[in-house]
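First up is the structure itself, then whatever we jot down about it.
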């Protein structure tokens, strides 16, 4: 084989590898593991442990909102900050990388924005924000939750029928 032929073979191998890597990056970073849901939303397909983690995190968001609103009702801004911080960005660090790859990019963007929103509420409460300002921020944050739940669903767990 001539040097030019080897160069073409190497170039073809490089192109094929780049296409494969590009496909993997698209799937892992952008598309995730999804399927159409019966109600028109996008269903995210997770294994049972990942699904349980996702549902637990959403319950923690709701519990965080409850603690923030309770503290707001008492006008207890240090408690607002503590409750918001508990579900802020530090909480997002425990998500397994494999699970992150199954989440579509827009979902990940909304999820991280929600964690950062709680961080912002905590920081504002620490800096002397009023209850009204905090309630406005919390309302905007809940809008992100509504957007996410309107667009995404979790795929039903695999059926164990017939096993």
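The values are calculated or read from the model by the stated rules, or taken from the named source; none is laboratory data. None of these values were measured; they are calculated from a predicted model. Quick reminder, even Gly has a Cβ in these numbers, built from the backbone with ideal geometry, and neighbours come from all protein chains shown.
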Practice prompt. Could you please find all residues in the range 97-110 being closer than 16 Å to residue 46 by Cα and not in a loop (DSSP other than H, G, I, E, B)?
Written response: 97, 98, 99, 100, 101, 102, 105, 107, 108
Worksheet item: When both residues are 6+ apart or on different chains and their Cβ atoms are under 8 Å apart, which pairs have a first residue that lies in the range 144-155 and is assigned by TED's automatic domain parsing to the domain that holds residue 110 and free of Cβ contacts under 8 Å to residues at least 60 places away in the same chain, and a second that is buried (at least 16 other Cβ atoms within 10 Å of the Cβ) and part of a helix (DSSP H, G or I)?
Response: 144/110; 144/114; 144/117; 147/110; 148/107; 148/110; 148/111; 148/114
Worksheet item: Which numbered condition trips up residue 94, out of (1) touching a helix residue (DSSP H, G or I) at 6+ places or on another chain (Cβ under 6 Å); (2) surrounded by fewer than 17 Cβ atoms within 10 Å (Cβ to Cβ); (3) in a loop (DSSP other than H, G, I, E, B)?
Response: (1)
Worksheet item: Out of (1) touching a residue at least 24 places away in the same chain (Cβ under 8 Å); (2) assigned to a helix (DSSP H, G or I); (3) within 14 Å of residue 79 (Cα to Cα), what's the single condition that is false for residue 128?
Response: (2)
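Kindly provide the set of residues from the range 43-72 that are closer than 21 Å to residue 97 by Cβ and not in a helix (DSSP H, G or I), ordered by number.
Step one: of the range 43-72, the residues closer than 21 Å to residue 97 by Cβ are 44-58, 60.
Across the range 43-72, the qualifying residues are 44, 45, 46, 47.
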Item to complete: Report yes if residue 114 is under 25 Å from residue 42 (Cα atoms) and part of a helix (DSSP H, G or I), otherwise no.
Response: yes
